[in-house]
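Enquirer: One structure is given below, represented as structure tokens, and several questions about it will come after.
The values are calculated or read from the model by the stated rules, or taken from the named source; none is laboratory data. None of the values given here were measured: they were computed from a predicted structure. Positions of Cβ are backbone-derived with ideal geometry, glycine not excepted, and every protein chain shown enters the neighbour counts. Keep in mind that these areas ignore ligands, DNA and RNA; they rest on the heavy atoms of the full protein, side chains included. Shrake-Rupley method; radii C 1.70, N 1.55, O 1.52, S 1.80 Å.
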Number of protein chains: 2
Amino acid sequence: MAIRLVVLGTSCSNPTVERNLTAVALQFDGNWFLFDCPEGTQRQMMKSGVSYMRVHSIFLSHFHADHVLGLPGLVATMAMHGRDAPLNVFGPKGVKEEIKKVLGLALMKCNFEVRVKECGRGKALEGEKFTVSGVPLKHGVPCIGWVFKEKDKEGTFQREKALKLGIPEGPLWSRLQHGKEVTANGKAFKPEQVMDYSKGREGKKISIVLDTLPSDSYFDAIEKSDVLVHEAAFLDKHISRAKETKHSTAKQAAWVAAQTKAKKLILVHISPRYKKNSEVENEARQEFGEVSVPEDLAVFDV
Amino acid sequence: MAIRLVVLGTSCSNPTVERNLTAVALQFDGNWFLFDCPEGTQRQMMKSGVSYMRVHSIFLSHFHADHVLGLPGLVATMAMHGRDAPLNVFGPKGVKEEIKKVLGLALMKCNFEVRVKECGRGKALEGEKFTVSGVPLKHGVPCIGWVFKEKDKEGTFQREKALKLGIPEGPLWSRLQHGKEVTANGKAFKPEQVMDYSKGREGKKISIVLDTLPSDSYFDAIEKSDVLVHEAAFLDKHISRAKETKHSTAKQAAWVAAQTKAKKLILVHISPRYKKNSEVENEARQEFGEVSVPEDLAVFDV
């Protein structure tokens, strides 16, 4: 199933004329999943066609201002437009308190349920076809990287066989694909009657690592990502500043991608001091070839 | 003295692709004064060259989400860039509590003083050359319109006379202009020696009325504005919706401008449902000719 990534912003610390602060939206199976929500995110969503009414869950890395201050405005807009679907918010320890503060701002009336979950290492959310897991990062405050994993397909659905057996297209097919028996026209059918288990497919994996010193402590979790989105706040010439503020350089982020065997690396969270994406990209390419330093609102289909 | 107005945003309720939420910046004598601070304001300031480090005071109309949610991000950016000058924030009753909440968000470290003052009708701030006064509006929650008034000049300073008398250019001139005696080179001088009191000039007046039902309760305060910035959330065809939500239509705002003898009317806070500024402007023009419905980032020199 196609996964779409929209890079809503690419700056760190503060927005600039050209860049909003870093956030990433991921579309899967009709829903949007939002990673971080700095100021201006709702407008970036509007500009890129990411529906704020179809945001299933928001995953926060940590509570620094440049990662979360778009949350109250986004919630206010959702509420004003009559959202009634619950909204899930995941974050590190403290996220419940932070969300309580956000919902107490600006005379806010929120008619939908906001379900907040404090997370650490391991599975945060499981859907029928995906999981999202957290992995602690190294940023001086509780900070979490997120791994979106499409579930592996154990076999290929053979539609011709299903039609020949008289099983109508629709939810029954989905149940068979998920290994469940179904009944159609009074007859019972087993998955193996329509599935070819010789042809499986590994689910895609997207890892989103925002705000961290490079560290092998999160390597296991993000190994073999189809796409690794990693922060690169600094260039190597400012590595001492990166260490002080607990951030990565472009070269270090590329090293992480190489070490963890990522297929593609997307660098975001670039300091406003760097004016040219090519400068960041060239540094990263010394360590890892498949790298992109996108403009705001870039779209990647995985 | 020149007054510059920058319309930072023109939308209401939520931002759109084209419009940010309504805020207005006013430049006078080297300082910026900000009226409302919705989400995205700091980036609009960057785009239009309004220096967030030179913001002298922020005046909030009320605490609805579309008027204040840019405040935490703006304060965070000021703090990150080492602002040490105090920041004044004025607003209706409750503003102290609201600012406390804002400063408690997102692990914020604010190294400068934020001086908060709850205001009603009357003078909120007085500078050497200006005052800002509040006037209660009708919006269902405490809501304040603001009147920026350049002090009247009681006379014209005659620089040739001052130079001839041996009074050096600089702060002494300013003191004489403000009616104070000075001493230069051991000699005392009185203002009337260098001022021509036959040639005074009335100070300019800018009124900013955001979120209100039209009402003559605020007419006195805004009378004879050089520029009246007024909300026009709706068109007259949606007047019942305007009444329900305690807003003005374009026609009503123009009527206010005519009744109060404004020289120029700028309409902002336009509902996202209206796509064409001309539609709003044409309606207003039925009541008041000197009207403008600007795009975001429009600049007006008064």
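Enquirer: Taking the Cα centre of each part, how many Å lie between region B:192-244 and region B:78-119?
Expert: Here the answer is 27 Å between Cα centres.
Enquirer: Short version: ³J(HN,Hα) in whole Hz for each residue of region A:92-107, in order, from phi by Karplus 6.51 cos²θ - 1.76 cosθ + 1.60 (θ = phi - 60°), x for Gly and Pro, what are they?
Expert: Karplus-based 3J(HN,Hα) across region A:92-107 equals x, 3, x, 5, 4, 5, 5, 5, 4, 4, 4, 6, x, 8, 6, 6 Hz.
Enquirer: Here's something else I'd like to know. Under a 10 Å cutoff between Cα atoms, tell me which one of A:Leu213, A:Leu228, A:Leu103 has the largest fluctuation in the Gaussian network model of chain A.
Expert: Per the Cα network of chain A with a 10 Å cutoff, A:Leu103 tops the list.
Enquirer: Find which of B:Gly91, B:Gly186, B:Leu8 sits farthest along the positive direction of the dipole of chain B, computed with +1 on the beta-carbon of Lys and Arg, -1 on that of Asp and Glu, about the Cα centre.
Expert: B:Gly186
Enquirer: Could you sort A:Thr16, B:Thr245 by their accessible area in this structure, using a 1.4 Å probe and putting the largest first?
Expert: Descending order: B:Thr245, A:Thr16.
Enquirer: Where the only charges are on Cβ atoms (+1 Lys, Arg; -1 Asp, Glu), what is the dipole of the protein assembly as shown about its Cα centre, to the nearest 20 debye?
Expert: 340
Enquirer: In debye, nearest 20: dipole of chain B around its Cα centre with unit charges on the Cβ of K, R (+) and D, E (-)?
Expert: Dipole about the Cα centre, nearest 20: 400 debye.
Enquirer: If you roll a 1.4 Å probe over the heavy atoms of the protein chains, what accessible area per residue do you get for region B:156-198, in Å²?
Expert: The answer is 66 Å² per residue.
Enquirer: Sum -39500 (n - 2.57) across every DSSP H segment of at least 4 residues in chain B, then divide by the residue count to get the 222 nm mean residue ellipticity, nearest 500.
Expert: About -6000 deg cm²/dmol.
Enquirer: Here is a further query. For A:Leu87, what residues show an amide H to amide H distance below 5 Å, using hydrogens built from the backbone and excluding near sequence neighbours?
Expert: Excluding prolines and chain starts, which carry no amide H, the hits are A:Glu113, A:Val114, A:Arg115.
Enquirer: Another question, if that's okay. ³J(HN,Hα) across region A:262-277 via Karplus (A = 6.51, B = -1.76, C = 1.60, θ = phi - 60°), whole Hz, x for Gly/Pro?
Expert: 5, 7, 9, 10, 10, 9, 9, 6, 8, 4, x, 5, 9, 8, 10, 4
Enquirer: Follow-up question, since we're still on this one. Choose one of A:Val227, A:Ala257, A:Thr245: the residue whose Cα lies farthest towards the positive end of the charge dipole of region A:217-259 (beta-carbon charges +1 Lys, Arg; -1 Asp, Glu; about the Cα centre).
Expert: A:Thr245
Enquirer: Counting only protein heavy atoms, probe 1.4 Å: which residues of region B:7-26 lose 30 Å² or more of accessible surface in the full assembly compared with their chain by itself?
Expert: Residues of region B:7-26 that lose at least 30 Å² of accessible area once the other chains are added: B:Ser13, B:Asn14, B:Pro15, B:Val17.
Enquirer: Estimate for me the total accessible surface buried between chains B and A (protein heavy atoms, probe 1.4 Å, no ligands or nucleic acids), in Å² to the nearest 100.
Expert: 2900
Enquirer: If you don't mind, there's one more thing I want to ask. Arrange the residues A:Tyr52, A:Tyr274 by how much accessible surface each exposes, largest first, with a 1.4 angstrom probe.
Expert: Most to least solvent-accessible, the answer reads A:Tyr52, A:Tyr274.
Enquirer: Also, I was wondering about something else. What's the carbon and sulfur percent of the protein assembly as shown's accessible surface, probe 1.4 angstrom, rounded to a whole number?
Expert: About 48 percent, which is the carbon plus sulfur part of the accessible surface.
Enquirer: How much net charge surrounds B:Glu202 when only other residues with a Cβ under 11 Å from its Cβ are counted (Lys, Arg +1; Asp, Glu -1)?
Expert: Summing Lys and Arg as +1 and Asp and Glu as -1 gives +3.
Enquirer: Right, next: With charges only on Cβ, +1 for K and R and -1 for D and E, what is the dipole size of region A:156-198 about its Cα centre, in debye, rounded to 20?
Expert: 100
Enquirer: Tabulate in residue order the Karplus-calculated ³J(HN,Hα) for region A:125-133, using 6.51 cos²θ - 1.76 cosθ + 1.60 with θ = phi - 60°, rounded to whole Hz; enter x for Gly and Pro.
Expert: 8, 10, x, 5, 10, 7, 10, 10, 10
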